[in-house]
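The values are calculated or read from the model by the stated rules, or taken from the named source; none is laboratory data. Just so you know, these numbers come straight off a predicted model, no measurement behind them. All Cβ positions, glycine included, derive from the backbone under ideal geometry; neighbour counts span all protein chains shown. For accessibility, only protein heavy atoms count, side chains too; no ligands or nucleic acids. Shrake-Rupley method; radii C 1.70, N 1.55, O 1.52, S 1.80 Å.
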Amino acid sequence: MYFAIVDDLAPDRERLKKLVWEDCSANGIDAEFLLYDSGEAFLKEYRAGLFGAVFLDVLMGGMTGIEVARKIRETEERLPIIITTTEPDFAVEGFAVHVMDFLVKPVEQKKAAWCMRELREYAAIPAYVEVREISSRSSSLPSLIALDDILYAQSDKHNVVIHTVSGDVRIRSSFQEFLPLLPQNGRFFECGRGVAVNFSWAESIGDGMVLMKNGERLLFTQRQQSAVQQAFLDYTFSRTRKGGWA
């Protein structure tokens, strides 16, 4: 895995590199590093898909780490970004660009290990679900659907309809066979009989319904009200704690 460390102070770059390398070595991960002394130098070489994670110092001569993060987000929405800073007051700005974590300098080994554990957990979560899309009455074709694009999934007789941002996909599967394909990290929740919602696309929980960001309303029974509300609160809290990552 390639890591970028962007910091205008050479001792801080080398310290962080050492901590990350030690953690990767202990966990059997091959690590390669590219070090930059400014955001401008990093962006000259940056290409989408090149790095597994980017560590950005907030205050540097020239572009700030937050400004660099905004440029990254123009092409990569889910690249893990970790902010390093002597001033934890930048947390609110960091949430706006969905950083994964904050490390207060001088970075401690314990804090770095916690951050790297989060990074490994994130990397283990699949970005896609592989299904067999029904293309005609008699055939189905393998298809990859990005988890980020799923609004909700709904049982329909012996099939499942996956509602995505770009349209509906009907797959040959029972609902109970489909559910285990989704990450079990609180992001997807069975809010009604045969309905699994992606909480990242939920606006709020109303009286007996999930209000979606696209205006749709997914109904559930009053008996489920407290369970759905609590699951949504837990998911929202986890995203806030991780800067939008879940």
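Ser155 meets each of the listed conditions (1) within 25 Å of the chain's Cα centre (by Cα); (2) crowded, with 16+ Cβ neighbours inside 10 Å apart from (1).
The residue that is surrounded by the fewest Cβ atoms within 10 Å (Cβ to Cβ), among those in the stretch 21-59 that are closer than 15 Å to Val104 by Cα and aliphatic (A, V, I, L, M), is Leu59.
Scanning the stretch 1-20 for residues that are open to solvent by 70 Å² or more (accessible area, probe 1.4 Å) and among the aromatic types (Phe, Trp, Tyr) yields a single hit, Tyr2. Out of the stretch 4-32, which residues are farther than 25 Å from Glu87 by Cα and of a type in the set (A, V, I, L, M, F, W, C)? Within the stretch 4-32, Cys24, Ala26, Ile29, Ala31 meet the criteria. Hey, could you check the stretch 174-198 for residues that are open to solvent by 20 Å² or more (accessible area, probe 1.4 Å) and either in contact with a Gly (Cβ under 9 Å, 6 or more places away or on another chain) or in a loop (DSSP other than H, G, I, E, B) (or both) and say which is farthest from Met209 (Cα to Cα)? Restricting to residues being open to solvent by 20 Å² or more (accessible area, probe 1.4 Å) and either in contact with a Gly (Cβ under 9 Å, 6 or more places away or on another chain) or in a loop (DSSP other than H, G, I, E, B) (or both), the top hit is Ser174. Give me the pairs, please: first residue somewhere in the stretch 178-189 and within 12 Å of Tyr152 (Cα to Cα), second residue anywhere and open to solvent by 60 Å² or more (accessible area, probe 1.4 Å), beta-carbon distance under 8 Å, and either six or more positions apart or on two chains. Qualifying pairs under 8 Å: Leu179/Glu190. Of the residues examined, Lys111 is not one that is touching a residue at least 40 places away in the same chain (Cβ under 8 Å), basic (Lys, Arg) and either closer than 21 Å to Glu14 by Cβ or buried (at least 21 other Cβ atoms within 10 Å of the Cβ) (or both). When every residue of the stretch 1-16 is checked against the conditions, at least one turns out to be in a loop (DSSP other than H, G, I, E, B), closer than 23 Å to Ile125 by Cα and within 23 Å of the chain's Cα centre (by Cα).
Just the residues that are among the β-branched types (Val, Ile, Thr) and open to solvent by less than 50 Å² (accessible area, probe 1.4 Å), please, taken from the stretch 203-234. Answer for the stretch 203-234, where residues must be among the β-branched types (Val, Ile, Thr) and open to solvent by less than 50 Å² (accessible area, probe 1.4 Å): Ile205, Val210, Val228. Total residues in the stretch 17-28 satisfying the condition of being in contact (Cβ under 8 Å) with a residue 40 or more places away in the chain and not in a helix (DSSP H, G or I): the figure is 1.
Selection over the stretch 133-152 of residues that are within 21 Å of Ala202 (Cβ to Cβ), open to solvent by 30 Å² or more (accessible area, probe 1.4 Å) and hydrophobic (A, V, I, L, M, F, W, C) gives a count of 0. Of all residues in the stretch 35-69, which are within 11 Å of Asp7 (Cα to Cα), touching a Phe, Trp or Tyr at 6+ places or on another chain (Cβ under 7 Å) and β-branched (Val, Ile, Thr)? Passing the criteria: only Val58.
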